[in-house]
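Beneath this line is the structure, given in structure tokens, with notes to follow.
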Amino acid sequence: MSSYPITSWQIGRVKITRVIEMEVAGGSRFILPDATRDAVKPIGWLQPHFADDQGNLIMSIHALVIETPEQKIVVDTCIGNDKQRNIPNWSNLKLPFLQDLAEAGYERNDVDTVMCTHLHVDHVGWNTLFEDGQWKPTFPRARYLMGRREYAYWDSEDEDPMNSGVMGDSVRPVFEAGLVDLVEMDHRICDEVRLEATPGHTPGHVSVHIRSEGSEALITGDCIHHPCQMEKLDWCSSADYDQALARSTRDDLLNRYSDTDVLIIGTHFATPTAGHIKRSNDHYWFDVSQ
């Protein structure tokens, strides 16, 4: 049995499946420093799914598999096992993510495409696994899509403490295996799936837009880390490359998708993960009732 419930959504002919690596309450202040317990507790609609009654944020790290009639696409690959990380709870993990992925119906060799919304530590980890003394591609038959602008930034940038080691163990090995395609921020993966530029969290950050038979969904990536940022528009992530741009991107996304039928699937949103953005004047909230 999977460690966590496996959840799927149907968007026309496209199936989107969430596979969780970890889901935790608390410990998120280093990502959203303004989200103190006292500040979170009055936001009543966050409970019980996105905050507990003590005001601790609940967050998830998960991959999302998009299955179209022609492709199986994994969006973001979490933290990964056996990797030395500066965040203690993310270092040297031994988690059953690949078994859970298989239980959801997706073996490693079945995956056609891996799409990285950006190249942060918790979005590229299962790009590779440690085998026979070296880092090898986890999905050997897949093309790994990375943003051209995103890769250029991290390839030339000195490593920041949070992202230390990531290029060496999770990005460059798939380049060396010849599996990477660098793409533009508006790249169309297939008829039903395209990228949408949402910069600010990182220079080349993208979200993933799915459209099929009149239904639509958006996988956010980290342009919105947590639903609390819908209520508190000025709460920015400490990991944002450009907080002003990240806020502008977030404001635009909330304005564009509020009160529409587009299903919003948060890359770090805890269970139930998906819902619709609602708006009353300049106030936004996340409706998971449907």
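The values are calculated or read from the model by the stated rules, or taken from the named source; none is laboratory data. Everything numeric in this text was worked out from a predicted model, so none of it was measured. Note: ideal-geometry Cβ built from the backbone for every residue, glycine included; neighbour counts use all protein chains shown.
Conditions tested, residue by residue: (1) without any contact (Cβ under 8 Å) to a residue 60 or more places away in the chain; (2) more than 29 Å from T68 (Cα to Cα); (3) in contact with a helix residue (DSSP H, G or I) (Cβ under 7 Å, 6 or more places away or on another chain); (4) hydroxyl-bearing (S, T, Y).
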position	(1), (2), (3), (4)
S212	no, no, no, yes
D261	yes, no, no, no
H268	no, no, no, no
T271	no, no, no, yes
Boolean, D234 is closer than 26 Å to A270 by Cβ, charged (D, E, K, R) and over 18 Å from the mean Cα position of the chain (by Cα):
yes
Among the residues of the range 121-166, write down those that are within 19 Å of S91 (Cα to Cα), in contact with a helix residue (DSSP H, G or I) (Cβ under 9 Å, 6 or more places away or on another chain) and modelled with pLDDT under 95.
E159, M162, N163, S164, G165
Farther than 23 Å from V208 by Cβ and either at pLDDT 95 or above or touching an Asp or Glu at 6+ places or on another chain (Cβ under 7 Å) (or both): does that describe A63?
no
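Every residue, every condition in (1) loosely packed, with under 14 Cβ neighbours inside 10 Å; (2) within 18 Å of the chain's Cα centre (by Cα); (3) of a type in the set (S, T, N, Q), yes or no:
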| residue | (1), (2), (3) |
| --- | --- |
| D112 | no, no, no |
| T117 | no, yes, yes |
| Y151 | no, yes, no |
| M162 | no, yes, no |
| G165 | no, no, no |
Being surrounded by fewer than 16 Cβ atoms within 10 Å (Cβ to Cβ) and on the phi > 0 side of the Ramachandran plot is the filter here; which residues of the range 271-290 pass it?
N281
When you scan the range 7-44, how many residues do you find that are in contact with a helix residue (DSSP H, G or I) (Cβ under 8 Å, 6 or more places away or on another chain), surrounded by 16 or more Cβ atoms within 10 Å (Cβ to Cβ) and either part of a helix (DSSP H, G or I) or not charged (D, E, K, R) (or both)?
6
Can you find even one residue in the range 220-239 that is touching a helix residue (DSSP H, G or I) at 6+ places or on another chain (Cβ under 6 Å) and within 19 Å of W154 (Cβ to Cβ)?
yes
Residue, nearest to D82 (Cα to Cα), within the range 115-153, restricted to residues that are in a loop (DSSP other than H, G, I, E, B) and charged (D, E, K, R)
D132
Based on this model, can you work out whether H268 counts as touching a Leu at 6+ places or on another chain (Cβ under 8 Å), modelled with pLDDT of 95 or more and on the phi < 0 side of the Ramachandran plot?
no
